[in-house]
Amino acid sequence: MSQITVVTTFHADGMRKYGQRFIDSFIQKVDKRITLLVYAEECAPYISNNQQVTLLNANIELPKLIAFKEKWKNIPKANGIPPDNIKARRPRDWHKEFKWNAVRFANKTYAVFNACNRSKDWVVWMDADTFVHSEWSHKEFNKLLPNDKWLTYVGRGKGSQTWPECGFYGMNLNHPVCIQFLKEFERYYEDADNGIFELEEWHDSYVFGHILNNLKFVNNNVLDYSAEMYLKEAKTGGGGHPLINTVLGKWIDHMKGARKNIGKSLPKDIMVNRTEDYWSNK
């Protein structure tokens, strides 16, 4: 079976709200052969099993991230304020800061780049605001990462034209197209004026989706966990909370947005028949 390395990152406030809980659930529920890299941003979570979980100081291990943030920290367009041409073209949503906050989401992408450089076989990104609610064996996890695929991810359902849900995605480091994807992904940040800032939006999920769509023309052998999830084709697929409605919901919950304050997804978020005990205890 393949070696599987999961990676995540969070800051001090995130650690208190959800990150520590994620680590604890990972150690409790995930097969010990699957390891976790945690890039901690100025915080020190408690690690009860340092054989399975490796704690890394993001400020030390991610010098390219530090350089990126330093370069763009005082530039409005990199911190959620789009330029006038985008404001004019998108009067309905230009005020949605997250779509143009390259600095905020760069922590995530640079953690992925670094983790892939120090790992082999499969690297899986998991948002730290996820929670592992059920036992997750190596065999079950491995089945989610077929070796003939170069990437796995959560889309938004059939017909979706929006960016993927990047709370969980897997990268096959043994596949040349995945290596090409990672090189291009990093280039978009390292050469941002000719990369992310040439796009319509510049949060990590949009950049991810843009490069993925381009490389699908080269090799379409990817796995979208949401591919058969929605019955109707629609511009936005299944809306804003797809992860828990895919096969991944068998093992994890995803506390996006205000759900972090509750600690669980809402009953109205469920669009499929979930039979796991966790989802029955509403």
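The values are calculated or read from the model by the stated rules, or taken from the named source; none is laboratory data. The structure displayed is predicted, hence computed values, not measured ones. Don't worry about glycine lacking a Cβ; one is built from the backbone with ideal geometry, like all the others, and counts go over all protein chains shown.
ASP193: of a type in the set (Asp, Glu) and either modelled with pLDDT under 95 or touching a Cys at 6+ places or on another chain (Cβ under 8 Å) (or both), yes or no? Give the derivation first.
Working: of a type in the set (Asp, Glu): yes; either modelled with pLDDT under 95 or touching a Cys at 6+ places or on another chain (Cβ under 8 Å) (or both): no.
Here the answer is no, as ASP193 does not meet what is asked.
Among (1) of a type in the set (Gly, Ala, Ser); (2) at pLDDT 95 or above; (3) surrounded by fewer than 19 Cβ atoms within 10 Å (Cβ to Cβ), where does ALA128 come up short?
(3)
Are any residues in region 1-46 assigned to a strand (DSSP E or B) and among the charged types (D, E, K, R), and if so, which ones? Break it down into steps so the answer makes sense when it comes.
Here is the first cut: in region 1-46, the residues assigned to a strand (DSSP E or B) are 4-11, 30, 35-41.
Matches in region 1-46: GLU41 only.
Restricting to region 234-265, what's the tally of residues that are outside any helix (DSSP H, G or I) and modelled with pLDDT of 90 or more?
Looking only at region 234-265, we keep the residues that are outside any helix (DSSP H, G or I), and these are 234-242, 246, 251-258, 263-265.
Subsequent filtering for residues that are modelled with pLDDT of 90 or more retains 246, 251-255, 263-265.
Looking only at that region, the number is 9.
Report yes if some residue within region 85-98 is of a type outside the set (Lys, Arg), surrounded by 16 or more Cβ atoms within 10 Å (Cβ to Cβ) and under 29 Å from ARG21 (Cβ atoms); otherwise report no. Before you say what the answer is, go through the steps one by one.
Of region 85-98, the ones of a type outside the set (Lys, Arg) are 85-86, 88, 91, 93-95, 97-98.
Next, only the ones that are surrounded by 16 or more Cβ atoms within 10 Å (Cβ to Cβ) stay: 86, 94.
Now narrow it down to the ones that are under 29 Å from ARG21 (Cβ atoms): none.
No, region 85-98 has no match at all.
With TRP100, TRP125 as the choices, which residue is in contact with a Pro (Cβ under 8 Å, 6 or more places away or on another chain), of a type outside the set (S, T, N, Q) and touching a residue at least 12 places away in the same chain (Cβ under 8 Å)?
Details: TRP125 fails: in contact with a Pro (Cβ under 8 Å, 6 or more places away or on another chain).
Only one candidate qualifies: TRP100.
Quick one: in region 20-39, which of the residues that are β-branched (Val, Ile, Thr) and closer than 17 Å to ASN57 by Cβ is surrounded by the most Cβ atoms within 10 Å (Cβ to Cβ)?
ILE23
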